1. Among the candidates VAL329, VAL264, which residue alone is open to solvent by less than 40 Å² (accessible area, probe 1.4 Å), of a type in the set (Val, Ile, Thr), at pLDDT 95 or above and within 30 Å of MET351 (Cα to Cα)?
2. With respect to the numbered conditions (1) surrounded by fewer than 16 Cβ atoms within 10 Å (Cβ to Cβ); (2) within 19 Å of VAL141 (Cβ to Cβ), which one is the sole condition not fulfilled by TYR185?
3. Answer yes or no: is there a residue in segment 275-291 that is surrounded by fewer than 17 Cβ atoms within 10 Å (Cβ to Cβ) and more than 22 Å from the chain's Cα centre (by Cα).
4. So MET179 clears everything in (1) buried (at least 20 other Cβ atoms within 10 Å of the Cβ); (2) touching a residue at least 40 places away in the same chain (Cβ under 8 Å) except one condition, right? Which one?
5. For THR174, are the conditions met, namely being open to solvent by 20 Å² or more (accessible area, probe 1.4 Å), of a type in the set (Ser, Thr, Tyr) and touching a Gly at 6+ places or on another chain (Cβ under 7 Å)?
6. Just name the residue that is nearest to PRO231 (Cα to Cα) out of those in segment 297-311 that are touching a Phe, Trp or Tyr at 6+ places or on another chain (Cβ under 7 Å) and surrounded by 21 or more Cβ atoms within 10 Å (Cβ to Cβ).
7. Specify which of the listed residues (ALA75, ALA80) is touching a helix residue (DSSP H, G or I) at 6+ places or on another chain (Cβ under 6 Å), among the small types (Gly, Ala, Ser) and modelled with pLDDT of 95 or more.
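The values are calculated or read from the model by the stated rules, or taken from the named source; none is laboratory data. This is a predicted model, so every value here is computed, not measured. Glycine also receives a Cβ, built like all others from the backbone with ideal geometry; neighbour counts cover every protein chain displayed. Just the protein is used for accessible areas: all its heavy atoms, side chains included, with ligands, DNA and RNA removed. Shrake-Rupley method; radii C 1.70, N 1.55, O 1.52, S 1.80 Å.
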Amino acid sequence: MSSTPVVSMPSDITAAAQAATPPQIAPHRSHDPSNNLKRSDPFQFGSRFLEEGDDVYEFNAWDHVEPDDEFLAFAESQYAKQREAQASDFDKKRFNADPVRWWNLFYKNNTANFFKDRKWLQQEFPVLEQVARKDAGKQVVLEVGAGAGNTAFPLIRNNENEELMVHACDFSKTAVQVMRDSEYYNPKHITADVWDVSAQPTEESNGLPPGLTEGSVDVVILIFIFSALAPDQWERAIRNVYRVLKPGGQVLFRDYGRGDLAQVRFKKNRYLAENFYVRGDGTRVYFFDKDELEEMWSEWTPEGGLPESFASDAPAEGDDEAADTKVGVFDILNLAYDRRLVVNRQRKLKMYRCWIQGHFTKRQ
């Protein structure tokens, strides 16, 4: 039998072949799935943890990072400056007297170009994926403060439920018109209307959104809405949410947390009240503490309104005895901070962001 001859490769060819093989580099942390997971638990809020020994400037963002002492001290010094240089009495009056005016101007100037579509909502709030399923049956969703439709339209585009109806409401008529003019506006599944969540019933109106009655809504979406209200409007807003929800109906809540970089950055003449500011465009923003929201939503009752610790001009219904023995009508399923450290890697800057996310239900 003949054997296959062994051919030896010239040394220069062997070297060339080795040079053509890319060098084997250890996997970078950014490619390690254990450090870059998508959320499966909507209240997990990311999985990129900053651990001892990590280079903070290795990534653009880290999850679950508490502010360091340097930032906390800087924040306190900023708050002191803000209180010393408050907005004038004239500005406080004009910005609080007619907030609709400033939101109309905002949407007139920005139309649908300012906010990005919130494609993450179905991951953050799985109930929004559930109501859009093909077999979900009749589902009514009310989005409060819908703006240009950045929440409502992604929900509609991913919808497979023939019986889903989204009521997208905003107190800015300009914002509502932006929604109605959108190519995604389909009256079969969405209606956009002007409505103020803090509205009081009158002889002409029951104070609820057009086309909705008490106990008719399955899910209420409140994304960065309560922060746009003055504290004395919270009671009426919760009351209207309660009125419109079915027993067992759900509230999906997300808003600004106290100590967020956006709060710390406010300069002089923007402070309206403690944790309450006016932006350069005239719109207002409040920054919440988690305990504050927990007390607000867990202790509110139709008879007594908000707990006594909340200053409110809204009239409480019922007698004093009922208010003293009140038990809240909302259950808190989840309420958590979503903290994130955003890094400018080029300028070596650290920016601490803080939001609060909640999921509540109206008792049966």
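1. Exactly one residue qualifies, and that residue is VAL264.
2. Status for TYR185: all satisfied but (1).
3. no
4. Failing condition for MET179: (2).
5. no
6. Result: LEU306.
7. The unique qualifying residue is ALA75.
Conditions (1) touching a Ser or Thr at 6+ places or on another chain (Cβ under 8 Å); (2) within 13 Å of CYS354 (Cβ to Cβ), marked per residue:
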site	(1), (2)
PHE226	no, no
TRP234	yes, no
ARG239	no, no
GLY248	yes, no
ASP260	no, yes
ASN269	yes, no
